[in-house]
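J.: Take this structure, written in structure tokens, and hold onto it; I'll ask about it next.
The values are calculated or read from the model by the stated rules, or taken from the named source; none is laboratory data. The shown structure was predicted, so the numbers you read here are calculated from the model rather than taken from an experiment. Cβ atoms come from the backbone with ideal geometry, glycine included; neighbour counts cover every protein chain shown. In case anyone asks, the SASA skips ligands and DNA or RNA and just uses the protein heavy atoms, side chains included. Shrake-Rupley method; radii C 1.70, N 1.55, O 1.52, S 1.80 Å.
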Amino acid sequence: MNPALPGRFVRESISEYSEFALPNDANTLGNVLGGKVMHLVDLAAALAGVRHARCPVVTASIDHMSFLHPIHIGQLIVLRSSVNRVFHTSMEIGVRVEVENLITGEVKHTSSAYLTFVAIDKAGRRVPIPPVIPETEEEQRRYREAQQRREYRLAMREKTLQNRV
């Protein structure tokens with residue numbers, strides 16, 4: 001966190017991205033490809049990241065992602081994202097994916113993910129990100145849990161680097 005930069009509320013980063021599931025996005029069973037969903041998750045997270053940092057951001061990592069329900073051709077994919085916590089030049093962004101059956105109105109949660117993004121300048125160098133200010137109990141919970149996830153990610157990264165040597 002950078003105390004020199006004025007903080008921004010979580011609500012300022014909240015983004016929604018939606019896309020109609022089309023045949024070219026699906027497998028032979030008529031389900032949207034997992035890779036397509038992951039691509040949309042990355043886009044939705046980037047929207048929240050840029051809204052918060054107000055500069056270019058790049059994906060540094062994505063946490064585990066499970067697919068709870070298939071997304072079928074003709075359904076609306078809705079992705080909601082927001083910044084959970086800022087560290088210094090990186091931030092954790094949460095993305096929730098839902099699918100809506102436009103005929104019945106039924107909405108299902110299909111997946112969620114946490115991504116780490118890094119803010120960069122035009123030369124590609126890391127730049128400090130304004131701190132995030134959680135207001136609601138839910139935002140404060142996500143803020144606290146983001147620190148735990150970060151510690152786990154860093155430990156896994158260190159372990160991976162040690163195993164490479």
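J.: Most fluctuating residue of Ala155, Ala119, Ala53 in a GNM of the chain with Cα springs under 10 Å: which is it?
T.: Ala155
J.: I'd like to compare 121-127, 30-36: which one has the highest average count of other Cβ atoms within 10 Å, and what's the full order after that?
T.: Those peptides, ordered most packed to least, come out 30-36, 121-127.
J.: Moving on. Asn27 label point, 7 Å along Cα→Cβ, cut-off 18 Å on backbone N: hits in the range 42-78?
T.: Zone members listed by number: 65-75.
J.: For Lys36, go through the lysines and keep the ones whose alpha-carbon is under 22 Å away, minus same-chain ones fewer than eight residues off.
T.: Lys108
J.: With axes computed from alpha carbons, what is the tilt in degrees of helix 137-164 against the longest principal axis of the chain, rounded to the nearest 10 within 0 to 90?
T.: Tilt of helix 137-164: around 80 degrees.
J.: Could you check how much of the accessible area of the chain is carbon and sulfur, as a whole percent, using a 1.4 Å probe?
T.: On the chain, the fraction of accessible area on carbon and sulfur atoms equals 55 percent.
J.: A follow-up question, please. Please give the contour-minus-distance gain from Met65 to Thr104: 0.36 nm per residue of separation, less the Cα-Cα distance, rounded to one decimal in nm.
T.: 11.3 nm
J.: Quick one: compute the contact order of the range 1-136, relative version, from alpha carbon pairs under 8 angstrom and 6+ residues apart, as a percent.
T.: In percent, rounded to a whole number, it is 34.
J.: So, one more: Heavy atoms only, probe 1.4 angstrom, no DNA, RNA or ligands counted: give me Leu161, Leu76, Leu68 ranked by accessible area, highest first. Please report the intermediate quantities before stating the final value.
T.: Working: Leu161 70, Leu76 40, Leu68 100 Å².
Sorted descending by solvent-accessible area, the residues read Leu68, Leu161, Leu76.
J.: Would you mind working out the magnitude of the charge dipole of the range 96-165 relative to its Cα centre, with +1 at each Lys and Arg C-beta and -1 at each Asp and Glu C-beta, to the nearest 20 Debye?
T.: Roughly 640 debye, rounded to the nearest 20.
J.: In the neighborhood of Met156, defined by Cβ-to-Cβ distances under 15 Å, what is the net charge if each Lys or Arg adds +1 and each Asp or Glu adds -1? Write out the running numbers ahead of the final one.
T.: Numbers: positive: Arg149, Arg150, Arg153, Arg157, Lys159, Arg164; negative: Asp63, Glu92, Glu151, Glu158.
Charge balance in the 15 Å sphere: +2.
J.: Now, a different point. Round to the nearest 10 and give me the degree value, 0 to 90, for the angle of helix 34-53's Cα axis relative to the longest principal axis of the chain.
T.: 40
J.: Add +1 for every Lys or Arg and -1 for every Asp or Glu among the other residues with Cβ under 14 Å from the Cβ of Glu19, and state the total. It would help to have the intermediate numbers written out before the result.
T.: Numbers: positive: Lys36, Arg80; negative: Glu16, Asp25, Asp42, Glu98, Glu100.
Residues close to Glu19 contribute a combined charge of -3.
J.: Something else: Please give the per residue accessible area of the chain, computed with a probe of 1.4 Å over protein heavy atoms only, in Å².
T.: 57
J.: Something else about it: Where does the charge balance sit around Arg51 when Lys and Arg score +1, Asp and Glu -1, over other residues with C-beta under 11 Å from its C-beta?
T.: +2
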